[in-house]
Amino acid sequence: MSAKILRLNKAGAPISWLTREETATLLVKDLVIWSMGDTVMEIRGGYNRLGVQSVLKLPSIVACEGKVYKEGFRPPLENKFLFRRDKNICLYCGGQFVVRDLSRDHVRPLSRGGKDLWTNVVTSCRRCNNRKADRSPENANMELLAIPFVPNQYEFLYLSNHNVLADQMEFLSARFSRQLKLS
């Protein structure tokens with residue numbers, strides 16, 4: 001799997017991950033206003049009349065023109081992102097599991113008025129989820145090992161890519177909240 005390029009808006013906030021083809025298109029169309037980071041790939045093109053081959057260097061981070069949205073960032077709540085936020089650890093027993101042995105647990109159960117929100121869900125192993133059932137952790141006599149939180153846009157971009165390069169990680173992690181501690 002090839003590395004993705006981190007796309008930022010003109011204010012420097014992360015927007016998405018790009019393929020090398022998408023990045024090359026932005027560069028050729030002169031839509032990149034600034035870039036940083038290491039070169040992740042060189043694309044060689046044709047030769048000019050002097051016999052010099054064109055080379056397009058793809059940086060690991062590019063910033064493009066576009067609107068800068070001020071409203072709050074709302075990451076989609078999907079199990080793959082939730083499990084990665086919690087590092088595949090059951091937040092009740094502390095065990096680390098493979099994805100197929102994990103489930104989404106609602107701290108305050110839906111049947112008791114809880115909502116399907118980042119701040120009300122945690123990663124749970126199937127055993128602990130069954131043991132807790134539709135009770136609160138207190139009523140089930142189970143301790144919650146961490147407080148659930150909403151990832152910010154920097155954290156979410158990290159959670160959505162399994163192949164983050166070192167310079168991209170340095171850029172993103174500078175804006176991580178204290179809740180997302182990387183080991």
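Residue by residue, region 132-140 carries 3J(HN,Hα) couplings of 6, 6, 9, 10, 6, x, 5, 5, 8 Hz when phi is fed to the Karplus relation 6.51 cos²θ - 1.76 cosθ + 1.60 (θ = phi - 60°); x denotes Gly or Pro. In the chain, Rg over Rh equals 1.12, where Rg is the alpha-carbon radius of gyration and Rh the Kirkwood radius from pairwise Cα distances. Look at where the Cα atoms of region 83-105 and of region 136-183 average out, and the two centres are 13 Å apart.
Heavy-atom accessible surface of region 1-75, averaged per residue, reaches 68 Å², computed with a 1.4 Å probe. Entry note, region 23-146: relative contact order of 18 percent, from Cα contacts under 8 Å with a spacing of 6+ residues. For a straight C-alpha distance cut-off of 14 angstrom, the aspartates and glutamates reachable from Lys57 (same-chain residues fewer than eight places away being disregarded) are Glu21, Glu22, Asp30, Asp38, Glu42. Sequence-ordered 3J(HN,Hα) estimates for region 81-86 from the Karplus curve with 6.51, -1.76 and 1.60 and θ = phi - 60° stand at 6, 4, 4, 6, 4, 8 Hz, glycine and proline given as x. Could you look at the chain and say what percent of its accessible area is carbon and sulfur, using a 1.4 Å probe and all protein chains? Here it works out to 50 percent. For region 1-105, the list of trypsin sites (Lys or Arg not before Pro) that fall in a loop by DSSP and count at most 11 other C-beta atoms within 10 angstrom reads Lys29, Arg49, Lys67, Lys70.
In a DSSP loop and with at most 11 other Cβ atoms within 10 Å, the GluC sites (Glu not before Pro) in region 98-165 are Glu138, Glu143.
The values are calculated or read from the model by the stated rules, or taken from the named source; none is laboratory data. What you are looking at is a predicted structure, and each value in this text was computed from that prediction instead of being measured. In this analysis, Cβ positions are derived from the backbone assuming ideal geometry, glycine residues included, and neighbour counts consider all displayed protein chains. To get the accessible areas, we keep the full protein, side chains included, count just its heavy atoms, and leave off ligands, DNA and RNA. Shrake-Rupley method; radii C 1.70, N 1.55, O 1.52, S 1.80 Å.
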